[in-house]
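Read-outs throughout are calculated quantities, based only on the coordinates presented, and are distinct from any laboratory measurement. Since the structure is predicted, the reported quantities are computational estimates derived from the model, not experimental observations. Counting neighbours? That spans all protein chains shown, and the Cβs are built from the backbone with ideal geometry, glycine included.
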Amino acid sequence: MILEVATLNIKEGLSEAFETNFQKAEKIIASMKGYLSHQLKKCIEQNDKYILLVNWETIEDHEIGFRKSEEYQEWRALLHHFYDPFPTVEHYK
């Protein structure tokens, strides 16, 4: 199992809209091959900051299966315009 950890900095004042869109986007990621589970956690100290934790069977399921899929384009359209700067994504085993 691989844990994807993404630090998400949301543009100021857009957290509520981000959370609304994330509720749609999480259905996309949950449908992908190799997806096991995820959690979105809101930072206590910084209002517009989150971490996204996603468990994948393999790193390829995330990097190739998800990121190179048509579904990723929908994920990107729903979420990427909220980020500033673009998220740092790391993988852990």
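Other residues with beta-carbon under 10 Å from the beta-carbon of Asp84 carry, at +1 per Lys or Arg and -1 per Asp or Glu, a net charge of -1. Around Glu71, what is the net charge, scoring Lys/Arg as +1 and Asp/Glu as -1 over all other residues with Cβ under 14 Å from its Cβ? Charge balance in the 14 Å sphere: +2.
A straight chain from Lys49 to Tyr72 at 0.36 nm per residue would run longer than the Cα-Cα distance by 6.1 nm. Electrostatic tally near Met1: other residues with Cβ closer than 9 Å to its Cβ, Lys and Arg +1, Asp and Glu -1, net 0.
Cβ-Cβ distance of Ala6 and Lys33, R₀ of 22 Å, FRET efficiency by 1/(1 + (r/R0)^6): the value works out to about 0.70.
In terms of its C-alpha gyration tensor, the chain has a prolate overall shape, because the principal axis ratio a/c (a ≥ b ≥ c, square roots of the eigenvalues) is not below 1.5 and a/b outweighs b/c. The helix-only estimate of mean residue ellipticity at 222 nm for the chain, built from DSSP H runs of length n ≥ 4 each weighted as -39500 (n - 2.57), is -9000 deg cm²/dmol after division by the residue total. For the stretch 1-38, list residues with backbone N below 14 Å from a point placed 7 Å from the Cα of Glu57 toward its Cβ? In the stretch 1-38, the label zone of Glu57 (backbone N under 14 Å from the point 7 Å along Cα→Cβ) covers 1-2, 31-37.
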